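Q: Take this structure, written in C-alpha cells, and hold onto it; I'll ask about it next.
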Amino acid sequence: MASAPSVKVASVGVVGGWSFPATVFDPLLCHLVADEVEAFDWFTFSTDWLGPERREPERQESARSLSAPAVWVGWSLGGSLLLEAERRGRIRPARLVLIQATPRFLAADGWPGVSRGDWLALRRAAARQPLSAAAAFRRRFDLPSEPASSVRLAATDGLDWLGRLDLRDQLVAIDLPVDIWLAPGDPLVPVDWPQHLDLPAHVRVHRFEQGGHAAWLKHPVSLAQSLIHPLTDARSAD
C-alpha cells in the first residue's frame, strides 16, 4: 500500500499535554510539509506565550503577528492553553485545532469533567514525586509511556492551569475557525461536552472512531488533512 501523501500548510504551532514533551507530536508532524513548524511542550508555551508582557502591547502584538503560526494545534492541556492565549490576545491564528481538549477540565453543575477530588489527588502525587505521578497517570489512562516525562513537564503548574481555567464563554464567543477533535470513552475529556454549549457554526466538532485520551495518535493522517481542509468540508477520522 502506498504511503499517505504529506500535507502542505504555511506554518503550524503545536502544544503538548501535561507530562509530555513536544516530540509526542512527531507522528503527526511527519505527515506535514510546512514552511515552518514550532513544537512546544506545555511548560515552554505557557512561559513564552502566557508569561508577563515585556513590551508595549502594540509592539508585542505587531511582533507576534509576523512570527506566530497560522495554525495552532493543542492536545489536552495544550488546547486549553491555546484558548487562554487567544483570550488574552497573545495569539491570533487563522485556525485553531483542539485535540481532545475542553474549555473547562473540572466538572461543575451541568458540566461534565474530571472531579475536583481526582484532580487534587493527582496534584498531591505530582507535588511529592512528579515523575512517579506522571508514570502512574499514563498507566491509569492508557497513555503512551514514551516519550519520557521530565520533572519540569510533570510539574503541578500544569495541573493548576487545568484546575483554574474556565473558557466556556470564550469558546462560545470566539470569532475564528476552530476544529475540535474528541473521542468516545475518553476518561479525561468527555466526548459530549460540546452539547453543553451553544457553539457558533465556525466551531466544528469531529469525533474519532477509536476511544481513549490518546486516540488522536491513531489518526495522524486525518489530523494533518484537517489543518488545510476548509470548515465546510466535513471530515471523519481514518
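Q: Mind counting the residues in the range 104-144 that are in contact with a strand residue (DSSP E or B) (Cβ under 7 Å, 6 or more places away or on another chain), touching a residue at least 24 places away in the same chain (Cβ under 8 Å) and under 30 Å from Pro177 (Cα atoms)?
A: Of the residues in that region, 6 qualify.
Q: Please work out which one of (1) out of contact with any strand residue (DSSP E or B) (no Cβ under 8 Å at 6 or more places or on another chain); (2) at pLDDT 95 or above; (3) open to solvent by 50 Å² or more (accessible area, probe 1.4 Å) is the condition Pro200 fails and give its number.
A: Exception for Pro200: condition (3).
Q: Report, by residue number, each residue of the range 93-112 that is in a loop (DSSP other than H, G, I, E, B), open to solvent by 30 Å² or more (accessible area, probe 1.4 Å) and within 12 Å of Gly163 (Cα to Cα).
A: Correct list: Ala107 only.
Q: When the residues of the range 203-234 are filtered to those that are open to solvent by 60 Å² or more (accessible area, probe 1.4 Å) and more than 17 Å from the chain's Cα centre (by Cα), which remaining residue is modelled with the lowest pLDDT?
A: Taking the candidates together, the pick is Thr232.
Q: Now a separate question. So which residues in the range 160-195 are open to solvent by 20 Å² or more (accessible area, probe 1.4 Å), aliphatic (A, V, I, L, M) and touching a Leu at 6+ places or on another chain (Cβ under 7 Å), if there are any at all?
A: Val172, Val191 - these are the residues of the range 160-195 that are open to solvent by 20 Å² or more (accessible area, probe 1.4 Å), aliphatic (A, V, I, L, M) and touching a Leu at 6+ places or on another chain (Cβ under 7 Å).
Q: If you don't mind, another one. Got a sec? Which of Arg123, Arg90, Arg116 is under 18 Å from the mean Cα position of the chain (by Cα), of a type in the set (Lys, Arg) and surrounded by 12 or more Cβ atoms within 10 Å (Cβ to Cβ)?
A: Going through Arg123, Arg90, Arg116 in turn, just one is under 18 Å from the mean Cα position of the chain (by Cα), of a type in the set (Lys, Arg) and surrounded by 12 or more Cβ atoms within 10 Å (Cβ to Cβ): Arg90.
Q: Collect the residues in the range 93-113 that are of a type in the set (Gly, Ala, Ser) and under 9 Å from the mean Cα position of the chain (by Cα), keeping them in residue-number order.
A: Ala101
Q: Still on this structure, please answer the following. Does the range 1-47 hold any residues that are among the aliphatic types (A, V, I, L, M), at pLDDT 80 or above and open to solvent by 30 Å² or more (accessible area, probe 1.4 Å), and which are they?
A: Residues satisfying the conditions are Leu29, Val37, Ala39.
Q: Please work out if Asp157 is surrounded by fewer than 20 Cβ atoms within 10 Å (Cβ to Cβ) and of a type in the set (D, E, K, R).
A: yes
Q: Another question about this same structure. Restricted to the range 48-59, and to residues that are at pLDDT below 90, part of a helix (DSSP H, G or I) and charged (D, E, K, R), which residue is most open to solvent (accessible area, probe 1.4 Å)?
A: Applying the filter and picking the extreme gives Arg59.
Q: Still on this structure: Looking at the range 184-203, I want the residues that are in contact (Cβ under 8 Å) with a residue 24 or more places away in the chain and have a partner that is exposed (fewer than 14 other Cβ atoms within 10 Å of the Cβ) and part of a loop (DSSP other than H, G, I, E, B) with Cβ atoms under 7 Å, at least 6 apart or on another chain. Which pairs are those?
A: Pro187/Phe141; Leu188/Phe141; His196/Gly110
Q: While we're here: Would you please name the residue that is farthest from the chain's Cα centre (by Cα), looking only at residues in the range 174-194 that are more than 17 Å from Pro112 (Cβ to Cβ) and part of a loop (DSSP other than H, G, I, E, B)?
A: So the residue we want is Asp175.
The values are calculated or read from the model by the stated rules, or taken from the named source; none is laboratory data. Just so we're clear, the structure is a prediction, and the values are computed from it rather than from any experiment. Counting neighbours? That spans all protein chains shown, and the Cβs are built from the backbone with ideal geometry, glycine included. Ligands, DNA and RNA are excluded from the accessible area calculation, which covers all protein heavy atoms including side chains. Shrake-Rupley method; radii C 1.70, N 1.55, O 1.52, S 1.80 Å.
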